[in-house]
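Written out below as structure tokens is the structure these notes cover.
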Amino acid sequence: MTSHDDISPDDMHWLSRKLLWVEKPGAGKRVLIVLLAICAVLALADFAYHKHAYFHIEEIPFIYAVYGFVSYATVIFLAKGLRLIIRRPEDYYAQDSTEVEDERPAGSDPSTLIPGSLSDRANRPGGISGGGSAHE
């Protein structure tokens, strides 16, 4: 998060000035308290009207809140499981790519090769795609 101490509020967009309170200490706690208060008011509003339920389960107090929470939690856990199934290695799309970032330290001699780098493997017998491993 960036600090706006060096920028005058007069130089900011009007919406940025309205949201400066978000950066103050304790702002996250205040937002959480407001959200919990809104949830409590909406949960209590469940008792303020007569329900014309089609199914018996709809007459249970807080059923929509419980249903929403269970649905949300189910989607999160299914997504975590799906991630384990479809996850790919970090270099999946660039396994044999020659367009890799230079791994040498800044200011080093450009003619030096780093052991195990793609440029080093390209200069070995068999090259990059010669079937050899970088650890041979």
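Computed from the coordinates by the stated procedures, all read-outs in this text should not be read as laboratory data. Small disclaimer: the values here were computed from a predicted structure and weren't measured. Counting neighbours? That spans all protein chains shown, and the Cβs are built from the backbone with ideal geometry, glycine included.
Within the range 5-92, the chymotrypsin sites (Phe, Trp or Tyr not before Pro) that combine a DSSP coil assignment with at most 15 other C-beta atoms in a 10 angstrom radius are Tyr49, Tyr54, Phe55, Phe62. Can you work out the FRET efficiency for the pair Ala43 and Lys18, with r the C-beta to C-beta distance and R0 = 25 Å, to the nearest 0.05? Efficiency, rounded to the nearest 0.05: 0.25.
Can you tell me the FRET efficiency between Asp10 and Leu35 if r is taken as the Cβ-Cβ distance and R0 is 41 Å, rounded to the nearest 0.05?
The formula returns an efficiency of 0.80 here.
The 3J(HN,Hα) values that the Karplus relation (6.51, -1.76, 1.60; θ = phi - 60°) gives for the range 65-82 are, in residue order, 5, 5, 4, x, 5, 5, 5, 4, 5, 5, 4, 4, 5, 5, 5, 5, x, 5 Hz. Gly and Pro appear as x. Among the trypsin sites (Lys or Arg not before Pro) in the range 1-57, those placed in a DSSP loop whose Cβ has at most 15 other Cβ atoms within 10 Å are Lys51.
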